[in-house]
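I have placed the structure first, in the form of structure tokens, so that the comments after it can refer back to it.
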Amino acid sequence: MQLLNGREVAAFHRERVERRLADIQEELHIQPELAIILVGDDAPSAMYARSMQKTARAVGLKAEIYQEPDSISEVELLSLIDKLNEQASVFGILPMMPLLRHLNSQRIIDCIDPKKDVDGLTDVNIAHLYTGRPGFVPCTPRAVIAILDYYHISLSGKDVAIIGRSNVVGKPLAQLCLNRNATVTHCHTRTKDLKAVCRRADLVIAAAGRAGLVTGDMIKPGAVVIDVGINRVDGKTVGDVAFDEAAAVAGAVTPVPGGVGAVTTMMVLENVVCGIARTETIL
């Protein structure tokens with residue numbers, strides 16, 4: 001069984017980001033900024049925002065956290081985003097999700113200039129993904145593809161089972177796999193006989209947000225298993241896949257932690273660099 005080490009993939013992409021960013025700064029003489037918007041005092045969101053800021057600064061980006069109180073109105077938040085859209089030094093705008101209930105998340109996201117939407121969640125960028133036009137791709141699905149590319153795992157002609165249908169992960173990931181000529185079966189927690197569907201698949205991607213959903217008897221021997229899930233069980237971080245069971249059957253599997261999540265942050269930063277260079281890839 002091959003361990004698909006996300007930290008190794010993240011290190012590879014970090015080196016690319018640092019190198020390309022240094023070239024851009026030398027050519028354009030700018031100090032590009034990533035604007036991270038944090039509303040309220042949600043502890044996981046605050047932790048992710050600080051981690052993103054630390055990583056962004058480490059590769060050479062200016063990264064600022066715009067901390068707003070949970071009492072902020074939708075009009076006030078939209079006004080902040082408008083200002084960041086107009087700010088020439090800002091090349092990426094990243095609101096921490098989920099937003100509070102009194103804020104319309106999609107309206108907030110769609111207020112972001114698509115050229116600064118480094119999480120790839122505006123309607124414009126989603127439409128571009130589905131129609132094959134250039135644009136930012138949601139970062140978690142992009143991280144999955146980055147892992148597969150790094151380990152030279154081809155999707156062409158493969159049967160792929162994706163468990164999870166969120167707009168952030170499952171749906172865009174299905175499109176990315178289709179773009180790579182995979183045959184995709186899109187599953188969810190209410191799929192009848194999920195075990196049988198997964199047993200037929202060459203690649204199983206679990207993104208349902210349910211700890212231990214994918215067990216060893218659901219995996220075809222030698223299949224590739226990508227675990228996107230992040231869950232807390234008994235004080236530990238675990239994925240949607242029962243890792244030990246999967247490792248005994250699969251040909252390759254991502255761990256949690258240290259898998260897809262480790263790569264996702266670097267995909268955000270790659271998108272920032274692509275936005276500066278106005279290219280789809282930093283290569």
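Where a number appears in this text, it was derived from the coordinates with a stated rule and is not lab data. None of these values were measured; they are calculated from a predicted model. Here Cβ is always computed from backbone atoms with ideal geometry, including for glycine, and neighbour counts include all displayed protein chains.
Any chance you could count how many residues in region 1-46 are within 17 Å of the chain's Cα centre (by Cα) and over 19 Å from Val118 (Cα atoms)? Final tally of qualifying residues: 9. Screening region 84-170 for helices (runs of 4 or more DSSP H) wholly inside it with 1 or more residues that are under 30 Å from Lys220 (Cβ atoms) and out of contact with any strand residue (DSSP E or B) (no Cβ under 6 Å at 6 or more places or on another chain) returns the ranges 123-131, 139-150.
Against the test of being within 20 Å of Lys158 (Cα to Cα), under 24 Å from the mean Cα position of the chain (by Cα) and hydrophobic (A, V, I, L, M, F, W, C), the options Ala246, Ala211, Ala196 yield a single qualifying residue, Ala246.
Of the listed requirements (1) within 26 Å of Arg7 (Cβ to Cβ); (2) touching a residue at least 24 places away in the same chain (Cβ under 8 Å), Gln175 misses just one: (1).
Residue count for region 44-64, restricted to those that are crowded, with 19+ Cβ neighbours inside 10 Å and in a strand (DSSP E or B): 1. Could you look through region 102-144, keep only residues that are surrounded by fewer than 21 Cβ atoms within 10 Å (Cβ to Cβ) and acidic (Asp, Glu), and pick out the one that is farthest from Gly40 (Cα to Cα)? Applying the filter and picking the extreme gives Asp123. Among the numbered conditions (1) surrounded by fewer than 20 Cβ atoms within 10 Å (Cβ to Cβ); (2) in contact (Cβ under 8 Å) with a residue 24 or more places away in the chain; (3) under 22 Å from His128 (Cα atoms), the only one that Arg165 does not meet is (2). All of (1) more than 20 Å from Ile276 (Cβ to Cβ); (2) part of a helix (DSSP H, G or I); (3) touching a strand residue (DSSP E or B) at 6+ places or on another chain (Cβ under 6 Å) hold for Gln67 with one exception: (2). Screening Gly209, Gly229 for residues that are farther than 28 Å from Ala35 by Cβ and out of contact with any His (no Cβ under 8 Å at 6 or more places or on another chain) leaves exactly one candidate, Gly229.
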